[in-house]
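The structure under discussion appears below in the form of structure tokens.
The values are calculated or read from the model by the stated rules, or taken from the named source; none is laboratory data. The model shown is predicted, which means the values in this text are computed figures rather than measured ones. We work out accessible area using only protein heavy atoms, side chains counted, and drop any ligands, DNA or RNA first. Shrake-Rupley method; radii C 1.70, N 1.55, O 1.52, S 1.80 Å.
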Amino acid sequence: MNSGAFKSSVGRCAFIGKFSVAVVVLCVGLLPRYASAASTTDAQFYQYIHDICLNPLDPKVLNMCVFAFPGGLGGSPITPNASLGVSSASGELLSTKKKRLRELSDDEKKKSEKAASADGGGWGLLVTPQYSKVNRPETDLENGYQADLTGLNVGLDYRFSDSFVFGGTIGRIKDNATFLNNSGSLKTSNNSLTIYGTWLASERLSVDGYLGYNKLNLDSMRNVSFMTIFGTTTGSTTGKQLMGGLSTSYQMDAGRFNVSPFLNLDYIKTNFKGYEETGTTLLESRFSDRRVSSFTSSLGGRVSTSYGYGWGMLTPSASLAAVHEFQNNSQQIYSELVITPGTGLSVKTDAPDRNYLNIGLGVTATLNGGTQLFFDCEKRTQDRLLSSWAVSLGGLFEF
């Protein structure tokens, strides 16, 4: 296989991105929060404050209890009247890994080799802007949210042979989440570094792998309305993600179409530092450290076809994958009021939906001279807890 055929059939960069999209994966609800819409959680919090106020020794605690129970504790029914807000992040790692393996006809191969001439050398520069929209419905345990994500990834790879490419990407992603019921908001920024490799074991079989590290910064705002207590709390924390994955694809001909079944395995581990809220509500909370792990498999297929033109080639594609989550179980999140250290509350989170689908559409234009331009769209569906769609566009420029 010559270098032109390699660059055309694999897109030179079969890995276009494994991006922390707020953390972004296969993880949902990465930081602890109170679910203001959950009657059970509200009752639990009411009882928690009620028990603290049975013997308030500290003046700050006494002041909080006066506002929390203006009529006194005697005979107080456990009837929640709270909007506790959230102190959490949306967390969705959106995968935009797109394979463009295809077997061309003899005429198309000649055009492909012309369009992907190796005269420019073995280096490739990848630039990929990205936008995503995430929605999570309200549940009995957690509040819902809507999030918008924007990001930019820049990568550089080198073709060591006709069958092996190795490179890396750096990225910057910002995620703005707004929680339902006017509960609050969260802003997340993510700086990522990823290395990847693509190996063509044969003209039909491809194997990809990647390792990545993400540095996370999160700033939360929580609206509090508990009995006669009203106000806003804020918090900031940091985190880190380690991620890795392996995938394989095999291409087959079906008339003028190329069919590529694939299997992807992705693992991500996220650690968040504990943090303490600030504000004047007297209900500011302190949250403990948290760890979340996710391991998913994606089994599916991609269908593509190619059209030759005087300027190069155009390759539209469509994909469908069934995703299964093996980890990311429900957790008990511990928190306590800042003014009452040592007296805490444990809140349970939702377990993720174990099975869902990813649907993708894309098109790649390979220009004469080797430059590739692409547009991809992916939608997550059939997930009872999370729905999202993401678009990415960009180019691969050789030199």
- Accessible area per residue, Å², the stretch 231-320 with all protein chains present, probe 1.4 Å: 44 Å²
- Query: Size of the stretch 211-345 along its principal axes in angstrom, Cα-based, largest extent first?
  - Reply: 70, 32, 28
- Query: Quick one: Cα convex hull volume of the stretch 321-399, Å³ per residue?
  - Reply: 178 Å³
- Quick one: Debye curve from the alpha-carbon atoms of the stretch 346-392 only, equal weights, vacuum; give me log10 I(q)/I(0) at q = 0.28, 0.33 Å⁻¹ to two decimals. -0.98, -1.12
- Message: How large a share of the accessible area of the stretch 272-399, in percent, is made up of carbon and sulfur atoms when the probe is 1.4 Å and the other protein chains stay in place?
- Response: 60 percent
- Note on the structure: A student applying the Cα gyration tensor rule (rounded when a/c is under 1.5; otherwise prolate if a/b is larger than b/c, oblate if not) would label the stretch 209-253 prolate
- Task: Round to a whole angstrom and tell me the spacing of the C-alpha centers of the stretch 347-384 and the stretch 262-287.
- Result: 25 Å
- Message: Out of the total accessible area of the stretch 143-237 (probe 1.4 Å, heavy atoms of protein only), what percent is carbon and sulfur?
- Response: 61 percent
